[in-house]
Amino acid sequence: MKQTFLLLILANLITLPSISQRNLTQIDNDKYRINLPDYWGKGNKVWHNLIEKIPALCEELKGKDLCGDKCNPAYTIDFYITEPIIFDYTAVKKFPALSTNTQLNAKQEAIRIKNPLDYHRYNVNTISNTDYQNNWDITTNYGFQCFLLLKDNSGKLLTKIVLVDTNQVWSKQHIVNLSSNGNFSALTPQTYIENNESKLSPTPKELMEIAEQKLLSM
C-alpha cells in the first residue's frame, strides 16, 4: 500500500509540470504584447498612446487586449530603430549681428570706408576680429529608420508601421570656434569635421526623442 502511494505521488510530480508547461505554451488568441525600450518606462505617455491607437492601425489587434506578464499572446509589437546615416555636413561662417541703431551703423560704415585697413566692420569692443572670423555653424544632416513591427506568435512579420524613414532629413547644429589661443590656426571646417565625426553625430537620446514625437503623433 505504501509503495502504491509513493508511486502516485511521483506520478503527480511528473504530471503537474507537464500541465503547467502546456498552459504556458498555449497561445492566447485574444492577447497582444508591446515591447518597448526601457527608455519609455511603464506608465509613460507613449505607452498610453500606443495602447489607444495601435488596434486601429492593425486589423489583427482589433478587439484584442494587452497581454500581462504571464501570457503567450498571439501577436507582438516590436520597436525597431537603426543607427543614424550621415548624409552630409554644411559649414557656414558666423558673423555677429550689426547694431539695430541705424545712425550708428551709418557712422561706422563711413569710418570703414575712410579707413578700410584700420577699421573692422563689426564692433571690436565686444568681439575680436579673430573670433568672428573663426566662428562656424556646422550642421550635420542625417537620417535613420524607425518602425513598429507587428509579428505573429511564430515571429512572422505581418505589418510594418513606419515612424521614420531615410527619405526624411534631420539636422543637428554645432557652433565651433576654429581659432587657437587667439591666433588663426590651420584648422579648417573640413578638418574639424573629419576629426570630430562622433561628436557631430546625433546621440541615441536625440534619435529616441524624434521617435517619441512620432509615436505621440500617431
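Some observations on this one:
- Distance (nanometres) between label positions extended 7 Å along Cα→Cβ at ASN29 and THR203: 4.8 nm
- Stretchable slack from SER179 to THR139, in nm (0.36 nm times residue separation minus alpha-carbon distance): 12.5 nm
- Once the Cβ-Cβ distance of GLU83 and SER217 is raised to the sixth power relative to R0 = 30 Å, the FRET efficiency obtained is 0.85.
- Applying 0.36 nm per residue to the separation of LYS53 and THR191 and subtracting their alpha-carbon distance, the gain on full extension is 45.0 nm.
- Over 25 Å between alpha carbons, listed pairs LYS42/LYS172; LYS62/LYS156; LYS93/LYS214; LYS62/LYS205: LYS42/LYS172; LYS93/LYS214; LYS62/LYS205
Here, each number is a calculation from the coordinates, and none is a lab measurement. Treat the numbers as computed from the prediction; the structure is a model and nothing was measured. Don't worry about glycine lacking a Cβ; one is built from the backbone with ideal geometry, like all the others, and counts go over all protein chains shown.
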